[in-house]
1. Do you know which of the residues in segment 335-352 that are more than 30 Å from the chain's Cα centre (by Cα) and of a type in the set (D, E, K, R) is farthest from Cys394 (Cα to Cα)?
2. Can you find a residue that is on the phi > 0 side of the Ramachandran plot and not in a loop (DSSP other than H, G, I, E, B) anywhere in segment 232-248?
3. Tally the residues that are surrounded by 21 or more Cβ atoms within 10 Å (Cβ to Cβ) and touching a Pro at 6+ places or on another chain (Cβ under 9 Å), restricting the search to segment 253-274.
4. Starting from residues that are in contact with a strand residue (DSSP E or B) (Cβ under 6 Å, 6 or more places away or on another chain) and in a loop (DSSP other than H, G, I, E, B), keep the ones in segment 90-122 and report whichever is modelled with the highest pLDDT.
5. Within segment 282-329, can you find the residues that are within 10 Å of Val410 (Cα to Cα) and among the acidic types (Asp, Glu)?
6. Assigned to a loop (DSSP other than H, G, I, E, B) and at pLDDT below 80 - does that describe any residue in segment 47-60?
7. I'd like to check something: does segment 275-294 contain any residue that is among the aliphatic types (A, V, I, L, M), crowded, with 17+ Cβ neighbours inside 10 Å and closer than 19 Å to Asp73 by Cβ?
8. Just checking: which of the strands (runs of 3 or more DSSP E) contained wholly in segment 268-324 hold 1 or more residues that are in contact with a His (Cβ under 7 Å, 6 or more places away or on another chain) and of a type in the set (Asp, Glu)?
Amino acid sequence: MTLLFFVVMAANFRGCFSAASQTPIKGKSNMPANDPVGSSVFFRVTGNVYPTGHYSVILNIGNPPKAFDLDIDTGSDLTWVQCDAPCQGCTKPLDKLYKPKNNRVPCASSLCQAIQNSNCDIPNEQCDYEVEYADLGSSLGVLLSDYFPLRLNNGSLLQPRIAFGWVSRVPSHLTHPLTFFSVLDESTTKLKRNCAFILCGYDQKYLGPHSPPDTAGILGLGRGKASILSQLRTLGITQNVVGHCFSRVTGGFLFFGDHLLPPSGITWTPMLRSSSDTLYSSGPAELLFGGKPTGIKGLQLIFDSGSSYTYFNAQVYQSILNLVRKDLSGKPLRDAPEEKALAVCWKTAKPIKSILDIKSFFKPLTINFIKAKNVQLHLAPEDYLIITKDGNVCLGILNGGEQGLGNVNVIGDIFMQDRVVVYDNERQQIGWFPTNCDRLPNVDREYNEGFSQPYAAYFGILEEHCPATYASEKTKLFTKK
């Protein structure tokens, strides 16, 4: 049985962003000829940019499995779920929380050594760790282990074992973008046994202005070794490729591996190699407004599905806002400062019912990636605007400087709507192609079975790659502060 270790982190909820694109070229990722990996995993997605503010999937944890809804986050490696140990500040009722057992990972394990910043003094002690966040919050936790049922497109159902941890201190709120970008120092995140890991949070604090999402935790799909993707690839289960299709209305789908990719029609741009291996970034890029150059050049952009909206640094944001305001001059839209959904909103004489009512008043945006020929991310007005419940229209592009992001530019979910966005870690490239994300792919045909089929049979159980180890029963769980 395959043993996976996951880091399920304390309850902290992330914000919103957007990303979109168009342009054909090349297709499916080409794997090395000797690569044995050939399976994919498919998930239904729920949620939307507005009013939900996030997209999530259901994952099963434990044996028998229990379902947990997790926020899809390509901006973080770490996967976590809220747990009852007991839980303070959790957003889920008790029956929806993960209940830990005596399944601790000892601090002498190589996994613990990979994530701890200090030496292990007592080998059989529980594995404690501490992480710090970009918003100056921190978490203290302990690793646990449990099962993670995963059904592949070939019909096999794996039941790998995963490790969890509880957290006693967490950052202020998950609506702050990039909260998890600085979770662990790179020098301490090398998993020596190529296992995955998860953390389990029992003490949640939300000090920000927004309410946290109602999901049970985060599904971390970043580029780093701690990511589920990297772990599945190392174990030979799926290729290190992830893609998502977020509907503009609600829902969509998520997949690991490249079996759902078409043979052609995908636009690719190379990933940047930066100081952090966890982020999906590309560039440099320039910004066009209405098809004309804006003078905004040299942009490096992070693709982050954990953010509902798109964030630009203060200077770029102000330039975009000035262009939009100037273009609205003389049109029947006026500022709506009473609207609290987003920072910049407009209204008309009557409530706006659809984006089609005001689409003609706004020009398209285009992100032109300089290093790749003819690679552009085309953003129609509906790709950067939302219509609120009060009938106003708001700009889904926000000032990253006001969120403490400095010069960081982040493409969030709003730019990614109704496009399949692919993060190909095998070829170090990010791709996209337009499609209707309301329509799920025909997985009955491609997977030879319905994706909604329950976990009724256990096929193709893999051998255990990372045997589970347990701390001494004499060690008291959840006591270290």
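The values are calculated or read from the model by the stated rules, or taken from the named source; none is laboratory data. Since this is a predicted model, take the numbers as computed values, not measurements. Please note: Cβ atoms are built from the backbone with ideal geometry, for glycine as well, and neighbour counts cover all protein chains shown.
1. Lys350
2. no
3. Final tally of qualifying residues: 5.
4. Leu97
5. Asp304
6. For segment 47-60, residues assigned to a loop (DSSP other than H, G, I, E, B) and at pLDDT below 80: absent.
7. Scanning segment 275-294, I find at least one residue that is among the aliphatic types (A, V, I, L, M), crowded, with 17+ Cβ neighbours inside 10 Å and closer than 19 Å to Asp73 by Cβ, so the answer is yes.
8. Once the strands (runs of 3 or more DSSP E) in segment 268-324 are filtered for at least 1 residues that are in contact with a His (Cβ under 7 Å, 6 or more places away or on another chain) and of a type in the set (Asp, Glu), nothing remains.
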